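Structure first, commentary second.
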Amino acid sequence: MSVHKEVKRVTTHILQEMKNRGEKIAMLTAYDYSMAKVVDEGGVDIILVGDSASMVMAGHETTLPITLDQMIYHAASVIRGTTRALVIVDLPFGSYQGNSKEALNSAIRIMKESGAHGVKLEGGVEIAESIERIVAAGIPVMGHLGLTPQSIYKFGTYTVRAKEEAEAQKLKSDIKRIEEAGCFSVVLEKIPALLAKEVSESITIPTIGIGAGQHCNGQVLVVNDMIGLTKGFTPRFLRQYLDLFDQINGAVKSYIKDVKSGDFPSDKEQY
Ligand code: KIV
């Protein structure tokens, strides 16, 4: 008798086939069990446990403060809520930049302690050795180029990257190097659409864009932004499908009114 559950989980091979046949890849973030369950049942291909949790879950200004332990906690909760999506987890700031051994140890902790299916690292040539070492250990690695939020204090702003020729050239050589190092996919964040098109066509692995235009092989959004929970965040690249902040706010106000007036609970809502 097989001990494996009969579930068709998305794999890195399936994602590669999707790029090969021109089928777009849909990725969303999730950070907890309940959201992961909704997003997974909705049918996304990849769930990213992003270090954006530092902002949308914990209220920090940047992604820098979140720790490896906290990422593992979020990732394990997400894993328990999924059966289909490939779950990729961000290595947080400070858990891999030291050297490739540190990067490998952090990646192993995520895989062992959360049950995730792969990790994501920000950067190009400077982290290629770490990518090679993690991939050699059998762990799928997703890259992340363009606007890399862990470097926000170097950039100074969240505006579009690689508009100048020198930065575009660096991105082109970075993407080749991390593909060669063994990445199965790469996120392109906030770069010009034409540059994203050029690099997506120059490599074999799928590119997943956020603010990188329609020619990427897939798209990713932060789920809280996409459902309108992050009030007042309206960058051009964001398509907001719900207005959940206002809807929940309205529900809370109705509940308070019902409690205060004595309307809740009614006869039918008591024992
Ligand atoms: O942390 C995150 O949510 C991300 C996405 C924006 C790609 O890295």
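The values are calculated or read from the model by the stated rules, or taken from the named source; none is laboratory data. On a predicted model such as this, the values are computed, not experimentally measured, just so you know. Cβ placement follows ideal geometry from the backbone for every residue including glycine, while neighbour counts extend to all protein chains displayed. Please note that ligands, DNA and RNA were not included when accessible areas were found on the heavy atoms of the full protein model with its side chains. Shrake-Rupley method; radii C 1.70, N 1.55, O 1.52, S 1.80 Å.
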Review point. Over all directions, what mean area does the Cα convex hull of the range 213-271 project, stated in square nanometres?
Key: 6.4 nm²
Practice item. Quick one: which residues, 5 or more positions from Lys120 or on another chain, have an amide H under 5 Å from its amide H? H modelled 1.01 Å from N in the peptide plane, none for Pro or chain starts. Key: Val89, Asp90, Leu91, Met142
Check your understanding: Ratio of Rg to Rh for the chain, alpha carbon only, Kirkwood?
Key -> 1.02
Check your understanding: Rounded to the nearest 500 deg cm²/dmol, what is the calculated helix-only ellipticity per residue at 222 nm for the chain, with -39500 (n - 2.57) per DSSP H run of length n ≥ 4?
Key -> -12500 deg cm²/dmol
Revision key, fill the gap. Note, the range 152-166: 3J(HN,Hα) by Karplus (6.51, -1.76, 1.60, θ = phi - 60°), whole Hz, Gly/Pro = x, goes 4, 6, 7, 6, x, 7, 8, 6, 4, 9, 6, 7, 8, 4, 4
**Study point:** Under 5 Å, built H, 5+ apart or other chain: amide partners of Arg84
**Key:** none
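With every protein chain left in place, what is the accessible area per residue of the range 85-197 in square angstrom, probe 1.4 Å?
Details: 4620 Å² over 113 residues.
In whole numbers, the range 85-197 has 41 Å² accessible per residue.
For a quick check of your reading of the filter: which trypsin sites (Lys or Arg not before Pro) in the range 139-222 sit in a DSSP loop and have no more than 15 other Cβ atoms within 10 Å?
Numbers: sites: Lys154, Arg161, Lys163, Lys170, Lys172, Lys176, Arg177, Lys190, Lys197; in loops: Arg161, Lys163, Lys190.
Passing both the DSSP loop test and the Cβ count: Lys163.
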Revision key, fill the gap. Over the Cα atoms of the range 122-271 the radius of gyration and the largest Cα-Cα distance (Dmax), both in Å, equal 21.9, 70
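Of all the Cα-Cα pairs you can form in the range 30-180, what percent are over 26 Å apart? Display every interim value, and only then the final one.
Working: 2907 of 11325 pairs.
Roughly 26 percent, once rounded to a whole number.
Probe radius 1.4 Å, ligands and nucleic acids ignored: give me the carbon and sulfur share of the accessible area of the chain as a rounded percent.
Numbers: 7860 of 14250 Å².
Summing carbon and sulfur atoms, their accessible area is 55 percent of the total for the chain.
For a quick check of your reading of the filter: which GluC sites (Glu not before Pro) in the range 30-103 sit in a DSSP loop and have no more than 14 other Cβ atoms within 10 Å? Don't skip to the answer; put the middle values down first.
On the way: sites: Glu41, Glu61, Glu102; in loops: Glu61.
Hits after loop and neighbour filter: Glu61.
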Check your understanding: Measuring from centroid to centroid over Cα atoms, what is the spacing of the range 163-201 and the range 70-127 in Å?
Key -> 22 Å
Point to revise | Sequence-distant lysines (8 or more away, or on other chains) whose Cα lies within less than 24 Å of Lys268 | key: Lys253, Lys257, Lys260
